[in-house]
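Step one of this worksheet: look at the structure below.
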Amino acid sequence: MKIVTPNLCDENPETVGAVAPIFNTYGGKSAFGGEIVTVKCFEDNTVVKAQAAEDGAGKVMVVDGGGSMRCALVGDMIAANAMKNGWLGLIIYGCIRDVDAISTLDIGIQALNSMPIRSVRENRGELNIEISFGGVTFKPGEYVYADNNGVIISPQSLF
């Protein structure tokens, strides 16, 4: 599967939605896509860490971190665990850290920015609910595709 988001947009103009251009690419895999699993959390990555430990085959974790720039929701250990468990990628509406280490991992990661401070772990967060940011709504079970051109969503698989 070769993901090129402009081509997917051209081929599926009635069904895809484009996320506002707010993300930077950090992972070692610049293009990725799969079934959406959502996490909603704010400055607490407990649920993100727990999901990274689950089987993520064919899936992309989309995290609504409220756009916080005060701490990172994903670092190299969580990213490596997600990769080990088959996650195709993570899209973080918030920050990550350990940028150099993450760039060597065979997983797609997009985030707003980097921040060296880690999040708290107070077991706050929600899993598999509809979340909205960047002008679109991400629904669990639908699909997301990302590359260096941007991030798009689709109600069904485009492959």
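The values are calculated or read from the model by the stated rules, or taken from the named source; none is laboratory data. Note that the structure is a prediction, hence the values are computed from the model and not measured. Cβ: placed from backbone, ideal geometry, glycine included. Neighbour counts: every protein chain shown. For accessibility, only protein heavy atoms count, side chains too; no ligands or nucleic acids. Shrake-Rupley method; radii C 1.70, N 1.55, O 1.52, S 1.80 Å.
Data for the structure
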{"quantity": "Failed criterion for residue 150 (all others in (1) open to solvent by 80 Å² or more (accessible area, probe 1.4 Å); (2) at pLDDT 95 or above hold)", "calculated": "(1)"}
{"quantity": "Answer from 78, 109 - the residue that is touching a strand residue (DSSP E or B) at 6+ places or on another chain (Cβ under 8 Å) and among the β-branched types (Val, Ile, Thr)", "calculated": "109"}
{"quantity": "The lone exception for residue 141 - which of (1) at negative phi; (2) surrounded by fewer than 21 Cβ atoms within 10 Å (Cβ to Cβ) it fails", "calculated": "(1)"}
{"quantity": "Cβ pairs under 6 Å, 6+ apart, first in the stretch 100-119 and closer than 18 Å to residue 86 by Cα and polar (S, T, N, Q), second at pLDDT 95 or above and open to solvent by 40 Å² or more (accessible area, probe 1.4 Å)", "calculated": "103/28; 104/28; 110/25"}
{"quantity": "Cross-chain or 6+ apart pairs with Cβ under 7 Å, the stretch 82-97 first and farther than 8 Å from residue 111 by Cβ and free of Cβ contacts under 8 Å to residues at least 40 places away in the same chain, then open to solvent by less than 10 Å² (accessible area, probe 1.4 Å) and among the aromatic types (Phe, Trp, Tyr)", "calculated": "none"}
{"quantity": "Top-ranked residue of the stretch 77-128 - restricted to ones that are of a type in the set (S, T, N, Q) and surrounded by fewer than 22 Cβ atoms within 10 Å (Cβ to Cβ), ranked as nearest to residue 37 (Cα to Cα)", "calculated": "128"}
{"quantity": "Matching residues in the stretch 43-65 - criterion: being touching a Gly at 6+ places or on another chain (Cβ under 7 Å) and surrounded by fewer than 16 Cβ atoms within 10 Å (Cβ to Cβ)", "calculated": "55, 57, 58"}
